[in-house]
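Everything below concerns the one structure shown next.
The values are calculated or read from the model by the stated rules, or taken from the named source; none is laboratory data. Everything numeric in this text was worked out from a predicted model, so none of it was measured. Here the Cβ positions follow ideal geometry from the backbone for every residue, glycine too, while neighbour counts run over all protein chains shown.
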Amino acid sequence: MIGSHMLMAALEKQMASVSINDVQKRYGSYHALKGVSTQMADGEFVVLVGPSGCGKSTLLRMLAGLESISEGTIEIGSRVVNDLRPKDRDVALVFQNYALYPHMTVEQNMSYALKLMNTPKSVINEKVGNAARILNITELLKRYPRQLSGGQRQRVAMGRAIVRDPQVFLFDEPLSNLDAKLRVQMRAEIKQLHQRLKTTVVYVTHDQVEAMTMADKIVVMRDGIIEQVGSPIELFDRPRNTFVAGFIGSPSMNFIPGSVKDGLFVARAGVHLPLPDGARVDAVTYGIRPEHLKLGEAGFPADVIVIEPMGSSTQIIAKVAETVITVLSTERLALQPGSTIYLTPHVESVHLFDPGGQRIES
Amino acid sequence: MLVAYWIVLPAILLRLAFTVVPLVQTLYLSFTNSSLMGHPRFIGLQNYVALFQDQTLLSSLTFTIVYTVASITIETILGLLIAILLMQNLQGRWISNFLMLLPWVMAPLLAATVWKIMYYEDGGILNEVLRDLGIIHEPVRWLSDATTAKFSVIVVTVWKNLSWCILIFMAGLGALPRDVYEAAEIDGANAIQKFFDITLPLLKPTTYLVLMFRGMGEIQTFEQISGLTRGGPGTATQTLALYAYQRFFQELRYGYGSAINILLLLLTVAIGGFFAWRLYRASR
Amino acid sequence: MIKPIQANRVASRTILYILLVIVLLFMAFPIYYMVITSLKTPSEAYRLPPTLWPQTLTVESYPFVIEAWSYWRTLANTILVAGTAALAATILGGISAYGFSRMEFPGKAILYGMLVATIAIPGMVTLGPIFLAYKDLPLLDTHMGLILVFAAEFIPVAFLTMFSYFKAIPKELDEASAVDGSRLIDTMFRIIFPIALPGFAVTFLLLFIAGWNDFLFAFTLTITPDTRLLTVRLFEVPVREGVNRTPYDLIAAGGVLILLPLIPILLRVQRQLVEGVLAGAVKE
């Protein structure tokens, strides 16, 4: 029984793709997931990102088997896993709070799953040793979780997942509890790990920076539906609506309300903004990223509110057309709050949105 | 700084006045042959030597220890299992908790009295029900047979104290981290494995806490025995506390009674200290 | 073997409910039996074999017991003693706990240890000298004497409960209050204590129950009927003139009269007890 299961899993390891088909989740009357569908290829690093309550963690837990699926199917490999218990899905989950067994040593934490499968001791030691070496935690093997720092615990949590050699790695906001510097370091390590192991990864985070830097493919979610799926660059250059446009990219995109008249975008307070060729008439929102606004002698005027020098670049919060916007300049500037600056947008990078918030393709 | 002492000391002083001071006096009395008659004379360790030649004391001591160990073992195991049952999200939470807590609100003497009525042999409710169910044919001599009586007394104690154990275990179970169980679920543990590999080890501090308090409680048992058997039949269910009481207050032999009390104290400290030490080690 | 998640869901649920019923039956049956026995006619109460439900419901046992025990007087005594002692212990213990939770002072650890260590001293060990001292004072057979003993007995529980309550109230509140210019007394009584009021209430009620149910001290330290408390009355079985049988209905009625007043308190405290237990789970 166990042998054939492992054989099947080994064969299916070739195609550890994940298929989410019109999945819904209801908690009583609360509709958490309203029909989401997406495909994840074998070996892909997919990030589920979105604000709190969008359903990304719910979806991940349904992948793991910790939540039931109200409607729709989930396939891992080529198997429908709806009714399979977590241990039969061959997935490993790295928790936000690590969820290490407090009464077991690091070594025991990492061996537990294999011990449950009656794996021979020598094999366990070998796998644990390997994983420990990859994650640089070999000297921590005899310690207890309470003796470790946050970053070390995170590594052990990952080690526990690696040892199982699953078809899919699931990460549930693993870096949220780490300080900023550690987060940056761990991001790179996780990415390297993925390049080395080449296993499919589904990674949940609310931090779009993590999403942008780590993902092969990003799934943006909001309120139980998928807003857009694409590579980081796709989402950055061609966001489908104002939500995605404002969510991806930091500092986030500026939105200026107004309407199109005589080939220009007319905003409030008589501000006229340039448009790219062939812009459609029904655009009511003018989107431009902070880094695509150039300071100069000419352009539309804006009143400086706050200057935030960041060393090699400067972030300026200003007001134009009764809207607060952000400008990102790669120079050091000596500006005073209250002064007026003149901004020229990079017209090719302007995004226009219709009354429904959908981006207008040019 | 002085203010702190004004705030902190009154309670402590009251407590010490009624525990340590009498304790010292008991200790002193135990070295005398004090009684209602005559002048007390210092007699050193004579009382203690006599203790260990006293058959009644030795049987009381044996029974007290056996009774305590049996009671706390059953209370701990049942308490944990029932606590798990009650945490299972079943319907009728409120009424379940209420019924479960009723024995706790009862005075030990009252509990003993009620059970005594049920234990009545020739036609008491317990024997009748068991006979109707076909489990027994002869009425069980619950309180008049030496061996059975010991068992009957333990049942009453367990019944009375189970509620508290359940509450404490529920608190302990409630504090267990939920995501650790999810990790175990993903690692492939079934319910039994989760219980033995995770729940039990993580509940060690709670378990030792229960054992400590129940241990110290049962070893002093006086009221239940008074209400059920008054130590009988013969001295089959005589506990140390009951014996001490009899010597001190009924025979008015203060010196000897005090010696028994000191022995009781030592036992209480021993069992409490043992589990306190285990508790301390388990919660590091 | 790959098993579907839904397997055996219904079956295991049913087993759990059956177990729950068995447990609740075990806990509640003696009390049920006590209640119905108190409602039987004397002849039915003596009848063998006994019935599980009275053939005729009657409350005639109650007036008899109320008379025999001078119930209202005894009830008043018990409320007075238990209530005053619980109040005193709650306040003293609470104040002391406040000091321990907020202040540093030399010997803090030692005093704390002393307070907690006295829990290991059995009441029986202190009873003798207290009795002898009371005889001479004279505090024997007085309510004041009982109140003092009970209050001292209650201090550790009051202290530990309030200590954990105070630890949960941030010290920043005291500091803010001090910065606003209030003296320690004001901070304590006007700001912190009102916040800890639920803790005081629960502590008081729990200790009240303990005082109500005490037998050892109440029995030993009272002599005349006028001072007696309820549990002591239970020990003396009310007898019917000319009837030689054990009056189960009377004993049962007495038991109900002792237990009944505590039920509202249990209801009031139950939610807090169990919710407090489950709050740990919600925190996750």
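Observations on the model:
- Cross-chain or 6+ apart pairs with Cβ under 6 Å, the range B:254-270 first and more than 15 Å from C:THR118 (Cα to Cα) and at the interface with chain C (Cβ under 9 Å from one of its Cβ atoms), then modelled with pLDDT under 95 and surrounded by fewer than 21 Cβ atoms within 10 Å (Cβ to Cβ): B:TYR254/B:SER35
- Any hit, the range A:321-333, residues being in a loop (DSSP other than H, G, I, E, B) and surrounded by 12 or more Cβ atoms within 10 Å (Cβ to Cβ): yes
- Residue identified as within 24 Å of C:PHE215 (Cβ to Cβ), touching a residue at least 60 places away in the same chain (Cβ under 8 Å) and in a loop (DSSP other than H, G, I, E, B) among B:LEU36, B:LEU57, B:LEU61, B:LEU23: B:LEU36
- The C-beta contact set for the range B:7-18 (first residue at the interface with chain C (Cβ under 7 Å from one of its Cβ atoms), second residue among the aromatic types (Phe, Trp, Tyr) and not in a helix (DSSP H, G or I), distance under 9 angstrom, 6+ apart or interchain) comprises B:VAL8/C:PHE105.
- Count of the range A:1-53 residues, restricted to those that are among the aliphatic types (A, V, I, L, M), buried (at least 17 other Cβ atoms within 10 Å of the Cβ) and either modelled with pLDDT of 90 or more or over 25 Å from the mean Cα position of the chain (by Cα) (or both), is 12.
- Of all residues in the range C:109-134, those satisfying the criterion of being more than 8 Å from chain B (Cβ to nearest Cβ), more than 21 Å from the chain's Cα centre (by Cα) and over 18 Å from C:PHE150 (Cβ atoms) are C:ALA109, C:ILE110, C:TYR112, C:GLY113, C:ALA117.
- Exclusive hit being surrounded by fewer than 17 Cβ atoms within 10 Å (Cβ to Cβ) and part of a helix (DSSP H, G or I), set C:LEU75, C:LEU80: C:LEU80
- Criterion applied to A:VAL91, A:VAL81 was being within 23 Å of the chain's Cα centre (by Cα) and at pLDDT below 95, and the one residue passing it is A:VAL91.
- Qualifying positions in the range C:135-156 - touching a Gly at 6+ places or on another chain (Cβ under 8 Å) and either within 11 Å of chain B (Cβ to nearest Cβ) or surrounded by 21 or more Cβ atoms within 10 Å (Cβ to Cβ) (or both): C:PHE150, C:GLU153, C:PHE154, C:ILE155, C:PRO156
Rundown of residues vs (1) modelled with pLDDT of 90 or more; (2) surrounded by fewer than 19 Cβ atoms within 10 Å (Cβ to Cβ); (3) over 30 Å from C:VAL157 (Cβ atoms), yes/no style:
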{"site": "B:VAL20", "(1), (2), (3)": "yes, yes, no"}
{"site": "B:VAL24", "(1), (2), (3)": "yes, yes, no"}
{"site": "B:GLY44", "(1), (2), (3)": "no, yes, yes"}
{"site": "B:LEU80", "(1), (2), (3)": "yes, no, no"}
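- Qualifying residues in the range B:184-207 (those that are polar (S, T, N, Q) and more than 7 Å from chain A (Cβ to nearest Cβ)) - the one nearest to A:TYR112 (Cα to Cα): B:ASN190
- Taking the listed residues C:LEU259, C:LEU267, the one that is surrounded by fewer than 15 Cβ atoms within 10 Å (Cβ to Cβ), modelled with pLDDT of 90 or more and either in contact with a strand residue (DSSP E or B) (Cβ under 9 Å, 6 or more places away or on another chain) or within 10 Å of chain B (Cβ to nearest Cβ) (or both) is C:LEU267, with no other qualifying.
- Among residues of the range A:334-362, those that are of a type outside the set (Lys, Arg) and in a strand (DSSP E or B), counted: 10
- The condition (being charged (D, E, K, R) and either closer than 30 Å to B:TYR243 by Cβ or at the interface with chain B (Cβ under 9 Å from one of its Cβ atoms) (or both)) is satisfied by just one residue among C:ARG183, C:ARG190, C:ARG102: C:ARG102.
- Close pairs from the range A:206-226: first touching a residue at least 12 places away in the same chain (Cβ under 8 Å), partner hydroxyl-bearing (Ser, Thr, Tyr) and buried (at least 19 other Cβ atoms within 10 Å of the Cβ), Cβ under 9 Å, at least 6 apart: A:GLU210/A:TYR203; A:ALA211/A:TYR203; A:ALA211/A:THR205; A:MET214/A:TYR203; A:MET214/A:THR205; A:ALA215/A:TYR203; A:GLY224/A:THR58
- Residue within the range B:40-48 that is part of a helix (DSSP H, G or I) and away from chain C (no Cβ under 14 Å) present: yes
- Taking the criterion of being surrounded by 24 or more Cβ atoms within 10 Å (Cβ to Cβ) and either away from chain C (no Cβ under 12 Å) or without any contact (Cβ under 8 Å) to a residue 40 or more places away in the chain (or both), the residues of the range B:208-221 that qualify are B:VAL210, B:ARG214.
- The selection criterion, being closer than 23 Å to B:ALA191 by Cα and within 14 Å of chain B (Cβ to nearest Cβ), holds for A:ASN118.
- Flag for C:ARG245 being of a type in the set (D, E, K, R), more than 18 Å from B:LEU110 (Cβ to Cβ) and modelled with pLDDT under 90: yes
- Odd one out for C:LEU52, checked against (1) part of a helix (DSSP H, G or I); (2) touching a helix residue (DSSP H, G or I) at 6+ places or on another chain (Cβ under 9 Å); (3) within 14 Å of another protein chain (Cβ to nearest Cβ); (4) closer than 27 Å to B:LYS160 by Cβ: (1)
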